[in-house]
Amino acid sequence: SGSLSHQEILGAVKTNAEVKKFLNDCGDRNLQYLLMPSKLEASLKAIDSDGSGEIELPEWETAIETALKAKLAQRAADRERRAKEAAAEIAAFTAEFLNAARKVFEMIDKDDSGALAKAEIVEAVKSDEEVKDFLQNCGEENL
């Protein structure tokens with residue numbers, strides 16, 4: 001009929017598990033309040049903007065749009081949080097990797113010249129297990 005009576009809404013809220021799940025998870029307070037007997041009437045009033053006693057399709061869609069905006073905002077916030085966490089993880093790994101690489105450089109640079117001579121590299125690769133391990137594993141096990 002293009003509208004929902006308050007009774008139809010009450011019936012669906014009481015008996016339809018799919019309706020209950022949607023309302024519970026939708027992210028709109030007025031729609032969620034349809035599940036709470038103490039807030040039901042206030043919720044119906046808020047959704048029924050023309051006060052007709054029925055929820056017309058445009059009124060329902062307005063409530064759904066509000067819920068959708070809330071859900072999309074939450075998803076955007078979640079994506080942003082995950083991106084920040086990933087960036088922090090990458091920064092921490094990068095710092096640890098570079099520190100390990102500097103340590104290996106210092107281990108190879110036996111004469112503390114700040115430069116690696118070919119002979120120092122060859123000797124380290126032949127005889128220094130820690131240097132060999134780092135070079136073979138790209139530092140992963142050193143971190």
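Some observations on this one:
- Rg/Rh ratio calculated on Cα atoms of the stretch 22-100 (Kirkwood radius): 1.37
- Residues with amide H under 5 Å from that of LYS39, placed H, sequence gap 5 or more: none
- The 3J(HN,Hα) values that the Karplus relation (6.51, -1.76, 1.60; θ = phi - 60°) gives for the stretch 12-27 are, in residue order, 5, 5, 7, 10, 9, 5, 5, 5, 4, 4, 4, 4, 5, 9, 5, x Hz. Gly and Pro appear as x.
- FRET efficiency estimate (nearest 0.05) - Cβ-Cβ, ALA77 to ASN137, R0 30 angstrom: 0.20
- Remark: spin-label model distance GLU130-ASP111 equals 2.2 nm, labels positioned 7 Å along the Cα→Cβ axis.
- ILE90 accessible area, assembled protein chains, probe 1.4 Å, Å²: 110
- LEU4 long-range amide H proximity, modeled H, under 5 Å: ILE55, GLU56
- Taken along its principal axes, the alpha carbon cloud of the stretch 74-135 reaches lengths of 58, 21, 13 Å, longest axis first.
- Rounded D (µm²/s) - the stretch 12-143, Kirkwood Rh over Cα pairs, Stokes-Einstein at 20 °C, 1.002 mPa s: 105
- A simple rule links phi to the HN-Hα coupling: the Karplus curve 6.51 cos²θ - 1.76 cosθ + 1.60 with θ = phi - 60°, which for the stretch 74-80 gives 5, 5, 4, 5, 5, 4, 5 Hz, with x for Gly and Pro.
- Using a cut-off of 30 Å between Cα atoms, the listed pairs LYS39/LYS69; LYS14/LYS84; LYS20/LYS84; LYS45/LYS84; LYS84/LYS126 include LYS14/LYS84; LYS20/LYS84; LYS45/LYS84; LYS84/LYS126 as exceeding that distance.
- Max mean-square fluctuation residue, GNM over the chain, Cα-Cα springs under 10 Å, options ALA77, ALA86, ALA119: ALA119
- Farthest towards the positive end of the charge dipole of the stretch 1-133, among the residues GLN74, VAL104, ALA46, is the Cα of ALA46, using unit charges on the Cβ of Lys, Arg, Asp and Glu.
The values are calculated or read from the model by the stated rules, or taken from the named source; none is laboratory data. If you're wondering where the values come from, they're calculated on a predicted model, not measured in any experiment. All Cβ positions, glycine included, derive from the backbone under ideal geometry; neighbour counts span all protein chains shown. Note: accessible area is taken over every heavy atom of the protein model, side chains too, but ligands, DNA and RNA are not part of it. Shrake-Rupley method; radii C 1.70, N 1.55, O 1.52, S 1.80 Å.
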